[in-house]
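See structure below.
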Amino acid sequence: MFNEYALLPTHHLKKDTSYYHPENVTEIVHLDTSALKVFTDFHVRPPEMISKNKLASEALEKMKNAGVKGLIVVDDNEHTQGFISSLDIAGIKKTTAAQENSVTPAEVTIDMLMTPTSSLLVFDYKDLSNARVGHIARLLHEHSLQHLIVFEINTQGESLARGIFSRSRISRQLGMDIGADMSSHSVADMNKRI
């Protein structure tokens with residue numbers, strides 16, 4: 001049955017062979033590089049998610065273990081409810097949420113801290129084909145965002161989270177902090193290049 005297929009050569013692995021870590025490879029990019037080079041596509045790497053009912057401390061632990069700085073918040077049916085970042089948990093926002101909900105900071109849930117989907121700025125996947133890193137960097141900088149979720153409309157007309165841009169990842173790959181208070185010269189240079 002398989003005789004029509006040539007037997008391909010095989011090999012043995014050497015002792016202590018490591019493995020490829022695609023997310024650990026930092027590819028240097030420039031402002032005019034395709035934005036796809038800094039895009040985390042959920043078709044390739046599934047999103048890190050957490051239930052809105054979990055404690056904020058659990059979200060922080062999950063981020064630490066996954067090596068990310070934000071999580072998509074979902075309900076019991078895995079429908080997107082919002083987004084939570086490490087800054088939401090580590091900052092004054094947690095103390096404020098505890099006071100507003102009459103709980104201790106240790107009892108603060110993700111639901112109390114997250115940015116709901118209705119308040120999230122998002123980017124349409126169909127506009128990504130011509131976008132450059134500079135376009136995304138400017139969006140993140142101008143709106144003071146840590147993350148930018150990309151959505152797409154499926155064949156049934158439903159809006160789905162397709163991927164995400166991370167300010168820290170883009171900054172690392174560009175070799176410059178795109179969230180820093182840039183000088184007018186830096187912003188003007190970025191505007192000229194995009």
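The values are calculated or read from the model by the stated rules, or taken from the named source; none is laboratory data. Not measured: the values here are computed from a predicted model. Ideal geometry is used to build each Cβ from the backbone, glycine not excepted, and the neighbour counts take in all protein chains shown. The protein model used for the area step is the full one, side chains on, heavy atoms only, and it has no ligands, DNA or RNA in it. Shrake-Rupley method; radii C 1.70, N 1.55, O 1.52, S 1.80 Å.
Taking every DSSP beta bridge that has both residues in the range 14-160, what percent is antiparallel when rounded to the nearest 5?
The antiparallel fraction comes to roughly 65 percent.
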222 nm mean residue ellipticity, helices alone, for the chain (DSSP H n ≥ 4; -39,500 (n - 2.57); rounded to 500): -8000 deg cm²/dmol
Ranked by how many other beta carbons lie within 10 Å on average, peptides 146-153, 73-80 from highest: 146-153, 73-80
Top of GLY179, GLY157, GLY67 by mean-square fluctuation, Gaussian network on the chain, Cα under 10 Å: GLY157
Calculated P(r) of the range 1-109 - Cα pairs past 21 Å, %: 59
Spacing of the two label points (7 Å from each Cα toward its C-beta) at THR33 and LYS15, in nm: 3.8
Portion, in percent, of the accessible area of the chain that falls on carbon or sulfur, probe 1.4 Å: 52
Candidates LEU174, LEU160, LEU13: whichever shows maximal mean-square fluctuation once the chain is modelled as a Gaussian network with Cα springs under 10 Å: LEU13
Simple spin-label estimate for GLN156 and ASP124 in nanometres, 7 Å along Cα-Cβ: 2.2
Gaussian network model of the chain, springs between alpha carbon atoms under 10 Å - residue of LYS54, LYS15, LYS126 with greatest fluctuation: LYS15
Violating pairs (Cα-Cα greater than 25 angstrom) within the set LYS69/LYS94; LYS54/LYS93; LYS37/LYS94; LYS14/LYS62; LYS54/LYS94: LYS37/LYS94; LYS14/LYS62
DSSP-defined beta bridges in the range 40-124 - what % are antiparallel, rounded to 5: 75
Lys, Arg +1 and Asp, Glu -1 on Cβ, resulting dipole of the range 1-146 about Cα centre, debye, nearest 20: 420
